[in-house]
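Beneath this line is the structure, given in structure tokens, with notes to follow.
Computed from the coordinates by the stated procedures, all read-outs in this text should not be read as laboratory data. Note that the coordinates shown come from a computational prediction; the quantities given were computed from them, not determined experimentally.
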Amino acid sequence: LNNRSSISEFILLGLSNSQEIQIFFFVIFFLVYVAIIIGNLLIVISVILDNHLHSPMYFFLANLSFFDLCLSSAVSPKVIADFLRKHKTISVWGCMVQMFFMHFFGGGEMSLLIAMAIDRYVAICKPLHYQTIMNRRVLIVFLLLSWAIGFTHTTSQMVFTVGLPFCGPNVVDSIFCDLPLVIKLACTDTYVLELLVIANSGLLSLICFILLLISYTVMLVTIGQHSSSASSKAVSTLSAHITVVTLFFGPAIFIYAFPFKSYSADKFLSVFYSIITPLLNPIIYTLRNQEMKAAIKRLTSYHIGSCLTS
């Protein structure tokens, strides 16, 4: 008998048992998700349509927003709908699909943040060769690498997870399927797979984060040696990048570097990582970037003017 067939779905505990609190969360998460869609779409459309933003930095920023859209959409619609349900369930295969896309877009975004750091390093430390080094071919290669790394990252974990037998407990203490929590429910020894998750997600996040901080530190030191208005603009751009990197990698490191310990904070860190961060990224980049704000203003005023004249 196939043990896996004994469980067809997982039960998600959610954030609260109170109906009033769940309705409150529904409103908050719905508004956040709408803001994520609007904010990130505005960035993507502005970069595509505005000639002032046709540069490597904005090319990466638009793709970061696209990854954010996809990462949030992998979990948010189901999470939002579940706040209106008393019994929150997800099929075993639905759970697997959710985890696959979360790590796919999460791994892709991780790689893209490194590409953005390389772009800033070249712009600040080798400005005379910037256009030559960061040409269109290099940008496409970086983008394809991000997609490939995201796919490899998720496949290397999920190929072992989908074959696990689930025949006992089926309660996931979260609002969506989280890899460490689901693995713990398997009816077999998962020690090796747990080590794989720690190495693949945890250590990878930690190493990337450390390398990014070192590279940004080198850039800030380089900027400090040149006092000019261009330097202050570079510092503003870098501070936005460092903020995004910290917000993205911080929760990921905590969840996946120590994933099989019992931390009550993990549930809320998972929410922050997959739902809140995709909202903060467009806010951080648009509020601190005059060119992006000007582009969005031109985009919205153009469409408002078109509507009025038609």
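Once you've got the Cα coordinates, tell me which of K78/K233; K88/K293; K78/K184; K78/K297; K88/K297 are over 31 Å apart.
In this structure, K78/K233; K88/K293; K78/K297; K88/K297 lie more than 31 Å apart at Cα.
Kyte-Doolittle cut-off 0.5, length cut-off 20 Å along the helix's own axis using Cα: show which whole DSSP H helices in the chain pass.
Qualifying helices: 19-49, 56-73, 92-125, 136-161, 204-224, 229-257.
Using Cα springs under 10 Å in a Gaussian network model of the chain, which residue among S232, S76, S215 shows the largest mean-square fluctuation?
Of the options given, S232 has the highest mean-square fluctuation.
Considering amide H positions built from the backbone, and no H for Pro or chain starts, which residues 5 or more places from L12, or on another chain, come under 5 Å of its amide H?
K88, T89, I90, V172
Using helices alone, what [θ] at 222 nm do you get for the chain, with -39,500 (n - 2.57) per DSSP H run of 4 or more residues, divided over all residues and rounded to the nearest 500?
Dividing the helical sum by the residues of the chain leaves -23500 deg cm²/dmol.
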